[in-house]
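Undergrad: Okay, here's the structure, questions in a sec.
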Amino acid sequence: MLRRCDERDFETIYTIINDGAQAYKGIIPADRWTEPYMSRDKLRHEIADGIAFWGFEDGGTLAGVMGLQDVQDVTLIRHAYVPTANRNQGIGGKLLSHLRTITSRPVLIGTWADAVWAIRFYEKHGFQIVSTDEKNRLLKKYWTIPERQIETSVVLVDPKWRDMRRPIS
């Protein structure tokens with residue numbers, strides 16, 4: 001079952017993010033890795049900044065989470081994680097497909113450039129990597145992340161974004 005998460009899910013979201021993020025350890029630049037990957041304070045900050053988490057529930061337990069954040073004229077997919085034990089069961093795909101149905105805006109996704117499996121997952125679901133120049137413009141316009149993260153990330157866009165073919169101001 002797919003459902004919107006609420007404050008009662010906070011600790012479970014925190015646990016899922018930090019378990020799922022272990023896949024990035026040793027892949028992303030060492031200077032971007034922290035333990036835990038996302039602190040409780042950072043998670044609270046992300047939620048306060050407008051990220052709405054959705055979860056896939058299996059047998060009454062959250063088995064994956066994905067955040068949705070409207071920023072200006074687009075929707076960002078943020079913090080998409082499935083615990084290690086639940087990977088490769090289609091949970092991420094179900095969450096992504098559902099979240100795309102609840103927004104009419106173009107959807108953008110940022111991820112680590114060296115996370116090849118994550119990039120392939122999004123490409124399999126119809127997203128396309130943008131050029132380095134466009135990536136830099138998009139990350140600066142729609143995300144609030146450090147310059148080092150911009151350098152080591154990619155942005156993928158959905159067909160709505162590509163169809164609009166709009167310049168970034």
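The values are calculated or read from the model by the stated rules, or taken from the named source; none is laboratory data. Fair warning: this is a prediction, and the values are worked out from it, not measured in the lab. Don't worry about glycine lacking a Cβ; one is built from the backbone with ideal geometry, like all the others, and counts go over all protein chains shown. Surface accessibility is based on the protein's heavy atoms, side chains included, excluding ligands, DNA and RNA. Shrake-Rupley method; radii C 1.70, N 1.55, O 1.52, S 1.80 Å.
Undergrad: Helix-only estimate, please: 222 nm mean residue ellipticity of the chain, summing -39500 (n - 2.57) across DSSP H runs of length 4 or more and dividing by its residues, to the nearest 500.
TA: -10500 deg cm²/dmol
Undergrad: How large, in percent, is the carbon and sulfur part of the accessible surface of the chain at a probe radius of 1.4 Å?
TA: 49 percent
Undergrad: Further, regarding this structure: Along region 129-146, what does the Karplus equation 6.51 cos²θ - 1.76 cosθ + 1.60 (θ = phi - 60°) give for ³J(HN,Hα), rounded to whole Hz, x for Gly and Pro?
TA: 6, 8, 5, 4, 4, 5, 4, 4, 5, 5, 4, 6, 7, 10, 10, 10, 9, x
Undergrad: Next question, about the same structure. Given H placed 1.01 Å from N in the peptide plane, which residues other than close sequence neighbours of E57 have an amide H under 5 Å from its amide H?
TA: For E57, whose amide H was placed from the backbone, the distant partners under 5 Å are L2, R3, A63.
Undergrad: Continuing with the same structure: About the Cα centre, and with charges only on the beta carbon of Lys, Arg (+1) and Asp, Glu (-1), how big is the dipole of region 100-169? Nearest 20 debye, please.
TA: 300 debye
Undergrad: Post the alpha-carbon centroid distance, region 67-93 to region 110-169, in whole angstrom.
TA: Computed from Cα coordinates, the inter-centre distance equals 14 Å.
Undergrad: Write down Rg/Rh for the chain, rounded to two decimals, with Rg from the C-alpha atoms and Rh from the Kirkwood relation over Cα pairs.
TA: 0.93
Undergrad: What number, in percent, do you get for the relative contact order of the chain if the mean sequence gap of Cα pairs under 8 Å and at least 6 apart is divided by its residue count?
TA: 21 percent
Undergrad: Based on DSSP, what percent of beta bridges with both residues in region 59-169 are antiparallel, to the nearest 5?
TA: 80 percent
Undergrad: Hey, which aspartates and glutamates would be in cross-link range of K94, C-alpha to C-alpha under 18 Å, not counting anything within fewer than 8 residues on its own chain?
TA: E57, D58, E123, D158
Undergrad: Can I ask one more? Straight-line reach from K141: which lysines have a Cα under 21 Å away, not including same-chain ones fewer than 8 places off?
TA: Within the straight-line cut-off, K141 pairs with K42, K160.
Undergrad: Set the Förster radius R0 to 41 Å, insert the Cβ-Cβ distance between A23 and D163 as r into 1/(1 + (r/R0)^6), and round the FRET efficiency to 0.05.
TA: That gives a FRET efficiency of 0.80.
Undergrad: Per residue, what accessible area does region 60-141 have, given a 1.4 Å probe and all protein chains present, in Å²?
TA: 45 Å²
Undergrad: In nm, what is the difference between 0.36 nm times the number of residues separating M1 and D70 and their Cα-Cα distance?
TA: Separation in residues times 0.36 nm, less the Cα-Cα distance, equals 22.5 nm.
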